[in-house]
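Novice: Have a look at this one before I ask anything.
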Amino acid sequence: MSALLDVEGLVVHHGQLCAVDNVSFHVAEGEVLAVVGANGAGKSTLLRTIAGLHRPSAGVVRFAGADISRLGAHERVRRGISLVPEGRRLFRSLTLEENLLVGAHKALPGTFDIPAVYEIFPWMKERRRANVAQFSGGEQQAVAIGRALVANPRVLMLDEVSLGLAPIVIERIYEVIPAIVAQGVTVLLVEQDVSQGLKVANRVHGLLEGRTSLEGRPDELSARDIEEAYFGADLHHSPPGGRS
Amino acid sequence: MTWTNVIVQGVLFGGFYALFACGLSLLFGVMRIINLAHGDIAVVAGYTAVFLVPHLHVAEVWGFVVVVPIFALVGYVLQRTLLQAALDRSPLTTLLVTFGLSVLIENLLLEIYTANGQSVNIGSLIGNSWQVNSVIYVSWFQLVVLIVAVAVLGVLQVYLSKTSTGRLIRAVSDDREAAQICGANYRHIFGIAAAIAVATVALAGISYGILTELTPTTGGSQVLLYAFEAVVIGGIGSLWGTLIGGILLGVAQQIGAHYNPAYQVLAGHLLFLAILALRPQGLFGKKEALA
């Protein structure tokens, strides 16, 4: 099986800072890959670069066999890449339905349209004419996922969907992911909350200070492996006060 | 009765200011561009009506039919080239670039057409007025401008709230990046917004040329300032606010002029300063627009 999304030797800078340093991975069609890592590990930058919001300094992003490294973000949506950005980033002066309509305006043909999103999140139908600025964090997150889904992506990228949400709300958000995957959508998600990422993922990719620190299947990885990949391998071995 | 006349004349002038201000309001609301060349673009549109339209064998009254579409195109191209390049650097760069554009336009017009005033000649139509009673005369043309201003703002409001392109303009103005990941080419959307803005400015510039006289420096010294004041009084981001802002500015000026013609401009500025001091977000603006 060939990879749907193939990232090779990706390097991304924020000014002087190297946020993503020579990262390579691939995601096969229908797979769920979780990228885990601490704050500042370069996870969001990685997703934003794949979405086309950052230009990489080096490396290639291939999608369905084609090099898309030079395409603008809006063109990548037409290829089938959608991002649910960190912080939800809804259109705050628009209603719920208008948010979804904007999400759908360049949609590929497929199963997800606005009624389908209302089926996944039944509460939305009643409040479709309400302004999204008044929604709770969890509701806004659901709208952000809906807005990305209505474009009928082949790869759905989720950036920190759990951020700032209550555990019960996070659980509800994560409950819908299997239904999305069942429709053949490939999912690439980024999480600080490792346990959430591990629950839904087929594979895990750890990032530490912009570099790959771990790769594997959730069932093959021990808690120790993940902890080291998350915080740094020499965490347990360094003398007290040695490294800051 | 004299006071009624003062108010009526103020409202008529206000329509004119609102027509000038709506493009400025749109450009700032959507792209956060403060277009210092706004008034000068209006003057160029007026000059185009004066110097180009007669060659086309079009009656000068209908000059806007030719000039407005040309300026819509100019707006799109200007946004996609110069203004976008400035925006990509920083929002402050747009201020410098539009200031430069303003200087450039004024001096080119001076060089080519001298400092003489120019008017768009629509013949006897300009003199027609409607006598309401012994003191109140309503100029037909000013009434037409007021109606056009209300119509332009109304159509724009409906366009922004009901059409899919209007929805995209609002989305891009809310969050440019989020619009991109929804598949919107924000540069193109910005271009459309600029096309609309510059088209309305052209309409206002031609009206100005019909109503009084245009000189190469009219745009920077008068038009821009009044348009700014109308936008600020009404509140940024509110199209109907811009109309009310324009009308209040017009009424304030007429009240000032009623006491002493020298106070006309001063009264408008005083209203503007009072609004800035007491309600900086403008009458219909949202507080968050200031952030």
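Novice: Going Cα to Cα from A:Lys199, which lysines come in below 24 Å? Please leave out same-chain ones fewer than 8 positions away.
Specialist: Partners within reach: A:Lys43.
Novice: On to the next question. Skipping prolines and chain starts, which residues have an amide H placed within reach, meaning under 5 Å, of the one on A:Leu208, given they are 5 or more residues away or on another chain?
Specialist: It is A:Ser213, by chain and number.
Novice: To continue, here is another question. In terms of modelled amide H atoms, which long-range or inter-chain residues lie less than 5 Å from the amide H of A:Ala19?
Specialist: Distant-sequence amide H within range of A:Ala19: A:Val12, A:His13, A:His14.
Novice: On to the next question. Could you state the orientation-averaged shadow area of the convex hull built on the Cα atoms of segment A:3-235, in nm² to one decimal?
Specialist: Result: a mean projected hull area of 12.4 nm².
Novice: Turning to a different aspect of this structure: Add +1 for every Lys or Arg and -1 for every Asp or Glu among the other residues with Cβ under 10 Å from the Cβ of A:Asp6, and state the total.
Specialist: -1
Novice: May I ask for the net charge around A:Ala201, where only other residues with Cβ less than 10 Å from the Cβ of A:Ala201 are counted and Lys, Arg are +1 while Asp, Glu are -1?
Specialist: Residues near A:Ala201 contribute +1 overall.
Novice: A follow-up question, please. List the relative contact order of chain A as a percent without decimals, with contacts defined as Cα pairs under 8 Å and 6+ residues apart.
Specialist: Relative contact order of chain A: 27 percent.
Novice: Using only helices, what value at 222 nm comes out for chain A when you add -39,500 (n - 2.57) per DSSP H run of length 4 or more and divide by the total residues, to the nearest 500 deg cm²/dmol?
Specialist: My calculation for chain A gives -9000 deg cm²/dmol from helical runs alone.
Novice: For segment A:88-147, build the convex hull from the C-alpha positions and give me its volume per residue in Å³.
Specialist: Cα convex hull per residue, to the nearest whole number: 72 Å³.
Novice: List, largest first, the extents of the alpha carbons of the protein assembly as shown along their principal axes, each in whole Å.
Specialist: Projected onto its principal axes, the Cα set of the protein assembly as shown covers 94, 52, 49 Å.
Novice: Next question. Can you give me the angle between helix B:164-174 and the longest principal axis of chain B, using Cα atoms only, in degrees from 0 to 90, rounded to the nearest 10?
Specialist: It is inclined by approximately 80 degrees.
Novice: Sticking with this structure for a sec: By a straight-distance test (C-alpha under 19 Å), which lysines pair with A:Lys106 as possible cross-link partners, with residues fewer than eight away in the same chain excluded?
Specialist: Straight-line reach from A:Lys106, under 19 Å: B:Lys162.
Novice: Then there is this: Using θ = phi - 60° and the Karplus curve 6.51 cos²θ - 1.76 cosθ + 1.60, what whole-Hz ³J(HN,Hα) does each residue of segment A:146-152 get, with Gly and Pro shown as x?
Specialist: x, 4, 6, 5, 5, 7, 6
Novice: Short version: ³J(HN,Hα) in whole Hz for each residue of segment A:204-216, in order, from phi by Karplus 6.51 cos²θ - 1.76 cosθ + 1.60 (θ = phi - 60°), x for Gly and Pro, what are they?
Specialist: Values, residue by residue: 10, 10, x, 10, 9, 6, x, 10, 5, 10, 6, 8, x Hz.
Novice: Taking every eigenvalue of the Cα gyration tensor of segment B:2-290, multiplying by 5 and rooting it, what semi-axes result, largest first, whole Å?
Specialist: That gives 30, 23, 18 Å for the three semi-axes.
Novice: Follow-up question, since we're still on this one. Looking at the protein assembly as shown, what % of its DSSP beta bridges pair antiparallel, to the nearest 5?
Specialist: So the antiparallel bridges in the protein assembly as shown amount to around 60 percent.
Novice: Next up: Short version: ³J(HN,Hα) in whole Hz for each residue of segment A:131-144, in order, from phi by Karplus 6.51 cos²θ - 1.76 cosθ + 1.60 (θ = phi - 60°), x for Gly and Pro, what are they?
Specialist: 6, 5, 4, 8, 6, 6, x, x, 5, 4, 5, 5, 5, 4
Novice: Who wins for biggest fluctuation among B:Val74, B:Val135, B:Val120 in a Gaussian network model of chain B, springs between alpha carbons below 10 Å?
Specialist: B:Val135
Novice: How many percent of DSSP beta bridges within segment A:3-235 run antiparallel, rounded to 5?
Specialist: Values: 21 of 39 bridges.
That works out to approximately 55 percent antiparallel.
Novice: Sticking with this one: If segment B:165-250 were replaced by its equivalent ellipsoid, with semi-axes equal to the square roots of 5 times the Cα gyration tensor eigenvalues, what would those be, largest first, whole Å?
Specialist: Whole-Å semi-axes of the equivalent ellipsoid: 30, 16, 10.
Novice: What is the set of long-range amide H partners of A:Val35 at a cut-off below 5 Å, with H atoms built 1.01 Å from backbone N?
Specialist: Residues meeting the amide H criterion: A:Leu189, A:Val190, A:Glu191, A:His205.
Novice: Short version: what are the Cα gyration tensor semi-axes of segment A:59-120, square root of 5 times each eigenvalue, largest first, in whole Å?
Specialist: Semi-axis lengths for segment A:59-120 are 25, 15, 10 Å.
Where a number appears in this text, it was derived from the coordinates with a stated rule and is not lab data. Note that the structure is a prediction, hence the values are computed from the model and not measured. Glycine also receives a Cβ, built like all others from the backbone with ideal geometry; neighbour counts cover every protein chain displayed.
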